[in-house]
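Reading through the structure tokens given below for one structure.
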Amino acid sequence: MPFYVSPEQAMKDKADYARKGIARGRNSVVVTYDGGILFVAPNPSSALHKVSEIYDRIAFAAVGRYNEYENLRVAGVRFADTRGYQYAREDVTARGLANWYAQVLGSIFTESNKPYEVELVVAEVGDSQDADQMYRITFDGSVADEHGFVAMGGQADQVAVVLKDRYAAGMSIDAALGAAIAALSSQGNGEGGINAAQLEVAVLARGRAHRSFRRIQGARLEELLSQARSGGSATAGGDAEGKGDAADAAAEPSPGDPTAP
């Protein structure tokens, strides 16, 4: 005969289980800067991405169990493509995707025996920094509208405290990267212990006519890390990360992303 478990206890057990699973992974941060939105995630793998493109001006970042958030990413791409095809590309928004993800995760949390061990951020770059949108979606389907920056993962509160101290509206990309590195380092590793090979960095670059998403890798990432640690300023072309030919060479495209025009 099965034991009775109150709904309150069942929800608490599910939430505790999901939080423990998320806490086992590393934190990630999303920060707005003068030229767009910056994504920084500790990730030694060059093939299994935590940050990906969803649509023209929209990107997706996640922490937690890879197979679960990868399923959500693929489903989000299909949702965005279908909505853009049925209506118009302008009808695909970060808010709409965040609401859809919230419904999916909320249903899984309440109806399934095992909740998803994931936390997501859906971000959309606007025509100005004030128009940028970032939404944080947790394992139970809760949605928060974030401004300026957002931290995800088991130590998100600790990371967010450092980001709050270092963040300033209109900061350059190297300053934003420096703030992100400092926040991620607050988990116990020194800043010097995080190098380019251990990071996954991408941007939604403001000012591009179509695809805004670009990955930053190799020499460009090393240069930005050096500038961030020395407190130097990036050039105007580097800050924009997407204006003209110089930015195309600086930020490498992501061939694995599914939304190529």
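The values are calculated or read from the model by the stated rules, or taken from the named source; none is laboratory data. Owing to the predicted nature of the structure, the values given are computational and were not obtained by experimental measurement. Don't worry about glycine lacking a Cβ; one is built from the backbone with ideal geometry, like all the others, and counts go over all protein chains shown. Ligands, DNA and RNA are stripped out before the accessible areas are found, and what is left, the full protein with its side chains, is counted by its heavy atoms. Shrake-Rupley method; radii C 1.70, N 1.55, O 1.52, S 1.80 Å.
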Subset of segment 111-123 (residues that are of a type outside the set (Lys, Arg) and in contact (Cβ under 8 Å) with a residue 12 or more places away in the chain): Pro115, Tyr116, Glu117, Val118, Glu119, Leu120, Val121, Val122, Ala123
So Ala88, is it out of contact with any strand residue (DSSP E or B) (no Cβ under 7 Å at 6 or more places or on another chain), open to solvent by 40 Å² or more (accessible area, probe 1.4 Å) and at pLDDT below 95: no
Flag for Asn71 being in a helix (DSSP H, G or I), open to solvent by 30 Å² or more (accessible area, probe 1.4 Å), in contact (Cβ under 8 Å) with a residue 40 or more places away in the chain and polar (S, T, N, Q): no
Filter result for the condition that a residue is on the phi < 0 side of the Ramachandran plot, touching a residue at least 60 places away in the same chain (Cβ under 8 Å) and open to solvent by 20 Å² or more (accessible area, probe 1.4 Å), over Gly207, Gly154: Gly154
Candidates Ile54, Ile37 - the one that is touching a Gly at 6+ places or on another chain (Cβ under 8 Å), on the phi < 0 side of the Ramachandran plot, touching a residue at least 40 places away in the same chain (Cβ under 8 Å) and β-branched (Val, Ile, Thr): Ile54
Odd one out for Met11, checked against (1) under 18 Å from Ala228 (Cβ atoms); (2) open to solvent by 10 Å² or more (accessible area, probe 1.4 Å): (1)
Which listed residue is at pLDDT 95 or above, surrounded by fewer than 23 Cβ atoms within 10 Å (Cβ to Cβ) and more than 19 Å from the chain's Cα centre (by Cα), from Ser112, Ser107: Ser107
Boolean, Val161 is closer than 25 Å to Ala202 by Cα, among the aliphatic types (A, V, I, L, M) and surrounded by fewer than 20 Cβ atoms within 10 Å (Cβ to Cβ): yes
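Residues are listed down the side, and each one gets a yes or a no for (1) touching a residue at least 24 places away in the same chain (Cβ under 8 Å); (2) surrounded by fewer than 23 Cβ atoms within 10 Å (Cβ to Cβ); (3) of a type outside the set (Ser, Thr, Tyr); (4) in contact with a Leu (Cβ under 6 Å, 6 or more places away or on another chain):
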| position | (1), (2), (3), (4) |
| --- | --- |
| Val125 | yes, no, yes, yes |
| Ile137 | yes, no, yes, yes |
| Ser142 | yes, yes, no, no |
| Gly148 | yes, yes, yes, no |
| Met171 | yes, yes, yes, no |
Selected residue [open to solvent by less than 40 Å² (accessible area, probe 1.4 Å) and touching a Lys or Arg at 6+ places or on another chain (Cβ under 7 Å)] from Ala41, Ala80: Ala41
Residue within segment 91-101 that is exposed (fewer than 14 other Cβ atoms within 10 Å of the Cβ), polar (S, T, N, Q) and not in a strand (DSSP E or B) present: no
